[in-house]
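Comments concern the structure below.
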Amino acid sequence: MTADPLTGARTAGDRFELVEEFRFVDSERALRVLGPQGAFLSAMAAELDVKIGQRGDTLIFRGGSDAVRAGIRLMEQLSTVVQDGHALREADVLRGARILSADPDARLANIFNDVVHVTGARRLITPRGLAQKRYVDAIRRGDLTFGIGPAGTGKTYLAVAVAVNALLAGKFRRIVLTRPAVEAGEKLGFLPGDMVEKINPYVRPLYDALHDMLDPGRTAELIATGQIEIAPLAFMRGHTLNDAFVILDEAQNTTRAQMKMFLTRLGYSSKAVVTGDVTQLDLPAGTPSGLLDARRVLSGVNGIRFCDFSAVDVVRHELVQRIIVAYEQADAPAGQVERGEGSEQ
C-alpha cells in the first residue's frame, strides 16, 4: 500500500482510500450530532459506506475518497444545524446524508431549521428532506399547490401544519379540510350510525393531524366556531371559499367533475393544497382520476405548482419505503397502466 504525500490518500490495488479527521467545536455539538455515546455512528458509517472512529470530539473517516468527503461535508452541515440547540435523531442524520448525496449543494440548516409550526406540546414541525422543503415553500408562495406521491411522505401533514400556522397568525379566516368519501373495499352504507357518523372514518386522518398540532380543547374550539371545517368533498358544491386555506386530501379518488368543482370553489384571498397518491385509486374500474386529469390539464398554468414525492421521501417507518419500492418494482414489468388514464404520472 502506498500513500500520496499531498493528500494522505492510500491505494491498495485498484482501491483508493482516504483518511480524514473532523473535529467538533465542543462536546455538546458532538453529542447533538452523534447522539448519546456516539449512538448514530454505526448507522451513519453504513449509510456513507465508510469506517468511522471517534476519539473525544474528533471523528476519523476512512474509506473511498468520495465517501469520506461526503462524511466530512455531512458533519460540517449537521454542526450548523444543531448550533442553535436543534436536536437530531438517527433518522435525521441518515436523511441528511441522503439529501447531500442527491444534491451536494443542499443546505441542511435551511431544511431542518425551517419551522413550519410549533405544536401545543412545543414540538417543532419542520421539513425532513428536499422534497418536503420545496413543497412547503411552494405552499407558502403560491395559491394552488398539488402534492403528489406515495403514503408517508408528509403531503397532508405538512399542508395542515402550514394551514394551522397561517390561521393562528391571522392570515386566513378559516381552514377547510375535505376528502372524497370513496370506499376502499367497504361500502359506506354498511357502516353504523347516521350520516355524520358514517362520514367520520373518511375524515379521521385530518382530525388526527389537527390533534397532533393543537391541544384537543383548542381543536374543538376552532371547529365549534367554524374556523376549522372538515367535510366530505360533496359538501363543497355551491360554496365559495373566501379568505380560506383549503386542503383537498386523497384527491386521486376524485372524478374529473369533482376536481373541477373543487378548484372552482376558490374565492378571494384563498389558498388551496391538493394532495394524493395516484398508486392508490379506489374509484370504480374505468373511472378516470380527477387528480391525474388535473395534472394533464393544468401543468404549465401560471400560478399552479406540482410537487412530486417518491419512495425516498417517505418519513414513516423505514419499512414503508422498502414496501413502496417493492410494489413499484413488481408493477413495472406489466407497464403499470392506471385505470382509464393511460400510464401513471
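The values are calculated or read from the model by the stated rules, or taken from the named source; none is laboratory data. Everything numeric in this text was worked out from a predicted model, so none of it was measured. In this analysis, Cβ positions are derived from the backbone assuming ideal geometry, glycine residues included, and neighbour counts consider all displayed protein chains. Accessible surface is based on the protein model in full, side chains and every heavy atom, while ligands, DNA and RNA are left aside. Shrake-Rupley method; radii C 1.70, N 1.55, O 1.52, S 1.80 Å.
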Ranked highest first by average number of other Cβ atoms within 10 Å, how do 276-288, 66-78 line up?
66-78, 276-288
Please find the FRET efficiency linking Gln54 to Arg140, where r is the Cβ-Cβ separation and R0 is fixed at 41 Å, and quote it to the nearest 0.05.
0.55
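In Å, what Kirkwood hydrodynamic radius results for region 52-152 from the alpha-carbon pair distances? Before the final figure, lay out the partial values.
Numbers: mean 1/r = 0.0654 Å⁻¹.
Answer for region 52-152: a Kirkwood hydrodynamic radius of 15.3 Å.
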With every protein chain in place, the accessible area of Val136 for a 1.4 Å probe, in Å² rounded to the nearest 10, comes to 0
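What does the charge count around Leu298 come to, taking other residues whose C-beta lies under 11 Å from its C-beta (Lys +1, Arg +1, Asp -1, Glu -1)? Spell out each step's value before the answer.
Values: positive: Lys260, Arg295, Arg296, Arg305; negative: Asp293.
Summing Lys and Arg as +1 and Asp and Glu as -1 gives +3.
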Near-label residues of region 111-136 by backbone N, under 18 Å of a point 7 Å along Cα→Cβ of Gln227
117-122
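Could you tell me which of rounded, prolate or oblate describes region 209-333, using a ≥ b ≥ c as the square roots of the eigenvalues of the alpha-carbon gyration tensor, with rounded for a/c under 1.5 and, failing that, prolate when a/b is larger than b/c and oblate otherwise?
oblate
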